[in-house]
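Only one structure is covered here, and it is reproduced in the block below.
Please treat every number below as a calculation from the coordinates, not as lab data. In this text the structure is predicted, and so the values were computed from the model without any measurement. For neighbour counting, all protein chains shown are included, and Cβ atoms are generated from backbone atoms with ideal geometry for every residue, glycine included.
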Amino acid sequence: MPTPAELLADIPFFALLDDSERAVLAERLDTVKVEAGKTLFAIGDPGDSLYVVRGGKVELFFKNDTGDRILLETACAGDFFGELSLLDGGARTTSALVVEELEALVVDRGDLDEFLRLRPAAALDFLTAIARRLRQTSALLRHTASRNVNEEQEDKRTRVMKVADWISDFSGSLPFLFIHIVIFFVWIILNSGPLSHTEIGGFDPFPYGLLTMVVSLEAIILSVFVLLSQNRQVARERVRNDIEYEVNLKAELEVAELHQKVDVLREDLLARLETLQRAGRSPGNGHGHGHDPEHGESVPVS
């Protein structure tokens, strides 16, 4: 298993340090071991540290408003997680479940201050990685809200509903119209004129009372099947409206949350950079001031 310093070299944030700086930072880190099946932390728990995985696997997840379990990431050896709470000192935004025995390095805020003191430019890399993870989270939430209305309804249809849908669709088609035109034409021809006196005709003389009764019964039966199908279509539209509402609501919530997180992270990083810049301009840092003969102003010199 790699040493803490070697492990930090494989992490993009800490790869900016040289070997000696990584060794100094690695000496400050603590190591934790957690058995499989244990919850490392739950959503809403206070947190001021991130974890760098040396061995094992951790699932990062949360549950949405509908109770679905959304798996954001499975952290393995070399991965890190928990950086949001480290930067803003807020509560955990996900839960972490250990699925394989975990051994991880713990980076707290003091360790981060030491790291940024050594490499202030790494703050931008922190912001880039966090933005990438927020984008992935937003994409996952959008997919979880997208349900197929047809899939929601098709699997729940009974045989009667399938027959009703087929009859309703067919009764509104041109083949259905043409078939009935042919049947009515043949019926009237067989019961009118010369053919009405043959063996195959004359079973329903004018005014075609039998045909009228058959058409009335067909209309009643078709209307029942059409109403059944329409009721199912209304239920489908209700599901579609619910899905559209969920999509819009989650999109609005995610946009608002992303704005808040980015604003907090930006303020925190700018404050840290300003602190580091003030420390770099302090009198004891080995810098002096010279004189700019052209402008008459003092300029810093080393």
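Listing for the model above:
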read-out	value
Global geometry of region 4-121, whether rounded, prolate or oblate, following the gyration tensor of its Cα atoms and the 1.5 cut on a/c	prolate
Inter-probe distance in nm under a simple model that places probes 7 Å from Cα toward Cβ, at residue 190 and residue 3	10.0
Distance between modelled label sites at residue 30 and residue 264, nm, 7 Å Cα→Cβ extension	2.2
Extension gain from residue 18 to residue 244, taking 0.36 nm per residue of separation minus the Cα-Cα distance	76.2 nm
Whole-angstrom gap from region 22-97 to region 204-246, using each part's C-alpha centre	57
³J(HN,Hα), Karplus 6.51/-1.76/1.60, whole Hz, each residue of region 160-173, x for Gly, Pro	4, 5, 5, 5, 4, 5, 5, 5, 5, 5, 5, 5, x, 9
Long-range HN-HN contacts of residue 55 with modeled amide H, under 5 Å	103
Sequence ranges 84-95, 69-80, ranked by mean other-Cβ count within 10 angstrom, highest first	84-95, 69-80
Long-range tail of P(r) for region 149-270 (Cα pairs > 16 Å, %)	76
Under the Karplus curve 6.51 cos²θ - 1.76 cosθ + 1.60, θ = phi - 60°, whole-Hz ³J(HN,Hα) for region 232-246, x wherever Gly or Pro sits	5, 5, 5, 4, 5, 5, 5, 5, 4, 5, 4, 5, 4, 5, 4
Fully extended contour minus Cα-Cα distance, from residue 163 to residue 231, at 0.36 nm per residue	23.1 nm
Residues in region 221-257 that a label on residue 176 would reach, taking backbone N under 16 Å of a point 7 Å out along Cα→Cβ	221-233
Under the Karplus curve 6.51 cos²θ - 1.76 cosθ + 1.60, θ = phi - 60°, whole-Hz ³J(HN,Hα) for region 18-33, x wherever Gly or Pro sits	7, 4, 5, 5, 5, 5, 5, 5, 5, 5, 7, 7, 9, 10, 10, 10
Inter-site label distance for residue 113 and residue 253 at 7 Å from Cα along Cβ, in nm	3.6
Residues with amide H under 5 Å from that of residue 40, placed H, sequence gap 5 or more	96, 97, 98
Contour minus Cα-Cα distance for residue 217 and residue 38 (0.36 nm per residue)	57.7 nm
